[in-house]
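Beneath this line is the structure, given in C-alpha cells, with notes to follow.
The values are calculated or read from the model by the stated rules, or taken from the named source; none is laboratory data. These numbers were taken from a predicted model, which means no experiment stands behind them. Note that we place each Cβ from the backbone using ideal geometry, even for glycine, and neighbour counts take in every protein chain shown.
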Amino acid sequence: MTAFASPVQWLPDGIPHNPRFNDRYRGDGDDGRGGILQARHVFLGGCDLPGAWRDAPRWTLLETGFGLGLNFLATWQAWRADPLAPQLLHYVAIEAWPPTADDLQRGAAPYPELAPLAHELAARWTGLLPGFHRLAFEGGRVQLTLCIGEVRAMLRELRFEADSVYLDGFTPALNPDMWDPHTLKAVSHLCRRGTRVATWTIARSVRDGLAQHGFIVEKAAGLPPKRDCLRATWDPPWTPRRPEPAPVAPWAGGDRRALVIGAGLAGASAAYSLAQRGWQVTVLDRAGAPAAGASGLPAGVVAPHVSPDDRLLSQLSRSGVMATLARAANLLPEGVGWAASGVLERRLKDSRELPSDWADPASPGHAWSRAADVVQRNAAALSDDSPAHWHARAGWVRAPALVAAMLAAPGITWQGNAAVAALRLDRPQAEGAVDDGEGWTALAADGTVLARAPVVVVAAGFDSLGLLASTDAPALPLNPLRGQLLYGPMPDAPHPLPPFPVNGLGNFITGVPVDGTPSWVLGSSFERGCREPVLREADTAEVAGKLAVLLPESARALAPQIASGAARAWAAVRCTVPDRLPVVGALDATALPGLFVSTGMGARGMTLAVLCGELLAAQLEGEPLPVPLRQARALVPQRLLRPS
C-alpha cells in the first residue's frame, strides 16, 4: 500500500476538496469551515465528553478515520480546558491516507483555539510509514497512537477497551469497508459495556450493523443541513466472546506496587513507565549507583535499523527511536544529554540496502533514511562517491543521564548496593487469610528481605538468567556479549571529526559532554561468551582499527591520543538472544503471576529500552500498545522457550 500520497487538494477559498475527502468534509453537512463544530457536536457530544471522563484516571478513545485531525484536535482542546480531565488521554486513530503537515494546519486554521495544537501536531507529522506511530503531547499525558493502514487490518492489530469511539471516515458509498459489518464487529471487540459511540452518518446499513453487534442505537440532533446523527452504546444482550488478550491480560490486582531488578536503561525505562501510570516502584541494583553496567557508556547512538524488506527489527527500531528521543527531549537538556543530530551510516561490506521506494522524496521512508548527500559525506571527510545512508530521525543520548532522570521521577524509589540473589513467590497461607497476599520477595544472598511487591520486573541484563532460575521459571537462552569502547577529549579545531555520529562498523560520536569536557566516543568490540567487563589492550587496537576503516581522516586525527594513552577505555557486558529481538513480557502468567522480564536488547538498548518499558506498562494497564499486536507477540519470552 502506498500511504504517503496526500489525497487532499484545496480550493481557492481554503476548503479541502478531493473525491476521497469530499463527502467527509463537505457532503456530510459541513460547509468546509464547520469541522470543529462537527467534532464538538457529533463526536464529543455523542460520547458525552467531557463529562463522561471526569473522575477517570485515564480515558481511551478510538477513531476509525483520522482525516485532517479535527476530531483529535477538538478532543485535545476539550481535555485541556477541563480541570477534571483524566490524567492520561489515549487517542488511537486509524488512517490509510494521512494528509501532509501543511494540510493539518490549513484544516485547523479557521479555528483559533485549534491552530496552536495543529502547529504542535504538524511539527511531529513526518515519516508516517504504514504501521503504528506513537506521538506524545502535554508531557506524555496526551498520547496519540496513529495507525497508518486500511481500517480492517489496523483494527486486527489493536487490543484494548475503548471508553469512547468516533466512527468517522469517508461515506459508506465511497468507502464501504469502513462501515461494513466486519469492521463494526471488529470495533465492538474493542469496546466495554457502556462504551459510547458517535458518528455523523445515519445510513441504514450502519444502524443495522451496529445493532447486529451489540450496540443500542439512537438518533440525535445533527448539524444543518443534516438533521440527525447517530449515537450508540455497546451493551449486548448476550455474553460476548472476547478476542485473545494481547499478549498478556491486564494486571487485575488492586495493589499497584512493583519491584524492578536492574537500574540500567531497561530497568529505569520500565520503572518510569509504570510510575507515570501511578505505580509505586522500587528499583534494586547491586551497584552503588545507577547505570553501573552496560548503560554506563558515555554516550550511545539512537538510530533505525534498515533492511530492503523493512523487516520486524527495522520497524521496531523506528518505534524505539521515536520513544527514546521523545523521552530524552522531555527529561534532558538538548546538546548536553542528547541531540537529534542525525546519523550517517557508511555502506560497508555488511551494510543493508534501503527499501527501494524510499528513494522517492514523497515517501515517508525518505524522511527517515535516504542516500547521504555530498554535504553530509564531506562533513565526515569522505569522498563524494562514498556510499552512505543518512538517518535524519536519529541522534545520540547520554545513557547515564537518561537513567538518572527517569529514576528521579515521582513514585520511584532507588535502592543501590542491593544485590538480589533470589526471588520468592509468596502465596496467601489460606483462603481469606489476612496477610500481605500473593507477591514477590527479593532476597539477598544471606536471606535478608530487600523488598516485596506483587509485581516484579527482571531487567538485569545477563544477570537476569540467575534471578529467573531462582524462581524455577523456564530458562531463557540469554547470552553474554562483552563490548569495549574508547573515549577522549575533542582535539583542537580545526579537525576532520564529523559533527554527527557515524556508524557502519562500530560507531563514532563527537562533541558529547563527558564530565564537563566535549568528547568523542568510539565503540565497540564484540566478544561473545565473556561474562566479565574486563579491559583488553587488544580491544583498543581493534576499535581503533574499525575507525580507520569507518572514517580514515578521523582515525588519523585521534591516533596520537590513542597511542599516548590519553584516550580512556570502558567495557561492559550486554545481553543477547538468538533472534536479536528484545524479550518483553510475562514468563508464565499462571504459574508465576506477576513475574515480568525486559531484557535481551544487545547493542540496541539505547534504541529499544524506552519502547520496551512502554510496552510492558501498557500490557499491565490494558492500554493501547505502542506497537502492533503482531510485533508485541514477537517479543514475548515464550517464543524462546524449549518445549518440555
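Taking the conditions exactly as written (within 15 Å of A459 (Cβ to Cβ) and without any contact (Cβ under 8 Å) to a residue 60 or more places away in the chain), does V543 satisfy them or not? So V543 fails the test. Here the condition is being under 15 Å from the mean Cα position of the chain (by Cα), surrounded by 20 or more Cβ atoms within 10 Å (Cβ to Cβ) and either more than 26 Å from T126 (Cα to Cα) or among the hydroxyl-bearing types (S, T, Y) (or both); of S273, S295, it holds for S273 alone.
On the stretch given as the stretch 186-213, residues that are of a type in the set (A, V, I, L, M, F, W, C), part of a helix (DSSP H, G or I), without any contact (Cβ under 8 Å) to a residue 40 or more places away in the chain and crowded, with 16+ Cβ neighbours inside 10 Å total 3. Out of everything in the stretch 237-258 that is touching a strand residue (DSSP E or B) at 6+ places or on another chain (Cβ under 7 Å) and at pLDDT 85 or above, what residue ends up being surrounded by the fewest Cβ atoms within 10 Å (Cβ to Cβ)? Ranking the qualifying residues of the stretch 237-258, first place goes to R257. If the condition is being in contact with a Ser or Thr (Cβ under 8 Å, 6 or more places away or on another chain) and closer than 16 Å to A586 by Cα, then the stretch 439-460 contributes A453, V457, V458, A459, A460.
If you go through the stretch 239-275 and keep only what is farther than 13 Å from L620 by Cα and part of a loop (DSSP other than H, G, I, E, B), you end up with T239, P240, R241, R242, P243, E244, G262, A263, G264.
Of the strands (runs of 3 or more DSSP E) contained entirely in the stretch 279-376, those carrying at least 2 residues that are small (G, A, S) fall at 369-371.
Being at pLDDT below 95, within 25 Å of the chain's Cα centre (by Cα) and either of a type outside the set (G, A, S) or more than 30 Å from P247 (Cβ to Cβ) (or both) is a property that holds for R580.
Quick one: would you say A198 is in the same structural domain as P50 (by TED's automatic domain parsing) and over 33 Å from the mean Cα position of the chain (by Cα)? No: the conditions fail for A198. If you go through the stretch 617-636 and keep only what is in contact with a Gly (Cβ under 7 Å, 6 or more places away or on another chain), among the hydrophobic types (A, V, I, L, M, F, W, C) and within 23 Å of A303 (Cβ to Cβ), you end up with just L635. Within the stretch 68-92, residues that are closer than 23 Å to E621 by Cα reach partners that are surrounded by fewer than 22 Cβ atoms within 10 Å (Cβ to Cβ) and basic (K, R) with beta carbons closer than 6 Å, at six or more positions or on different chains, in the pairs L84/R54; P86/R58; L88/R58; L88/R141. Taking the listed residues R633, R556, the one that is among the basic types (K, R) and closer than 30 Å to A339 by Cβ is R556, with no other qualifying.
When L68, L73, L37, L44 are screened for being of a type outside the set (G, A, S), more than 21 Å from the chain's Cα centre (by Cα), under 24 Å from N175 (Cα atoms) and at pLDDT 95 or above, only L73 passes.
Residues that are in a strand (DSSP E or B) and touching a Gly at 6+ places or on another chain (Cβ under 6 Å) do occur in the stretch 579-597.
Residue-wise test of (1) in the same structural domain as V458 (by TED's automatic domain parsing); (2) of a type in the set (V, I, T); (3) buried (at least 19 other Cβ atoms within 10 Å of the Cβ).
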{"residue": "F500", "(1), (2), (3)": "no, no, yes"}
{"residue": "N503", "(1), (2), (3)": "no, no, yes"}
{"residue": "D515", "(1), (2), (3)": "no, no, no"}
{"residue": "V521", "(1), (2), (3)": "no, yes, yes"}
{"residue": "P533", "(1), (2), (3)": "no, no, no"}
{"residue": "K546", "(1), (2), (3)": "no, no, yes"}
{"residue": "S564", "(1), (2), (3)": "no, no, no"}
{"residue": "W570", "(1), (2), (3)": "no, no, no"}
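Look through Y25, Y91, Y111 and report the one residue that is modelled with pLDDT under 95 and touching a strand residue (DSSP E or B) at 6+ places or on another chain (Cβ under 7 Å).
Exactly one of Y25, Y91, Y111 is modelled with pLDDT under 95 and touching a strand residue (DSSP E or B) at 6+ places or on another chain (Cβ under 7 Å), namely Y25.
Restricting attention to the stretch 434-493, the residues that are within 30 Å of the chain's Cα centre (by Cα) and in a loop (DSSP other than H, G, I, E, B) add up to 10.
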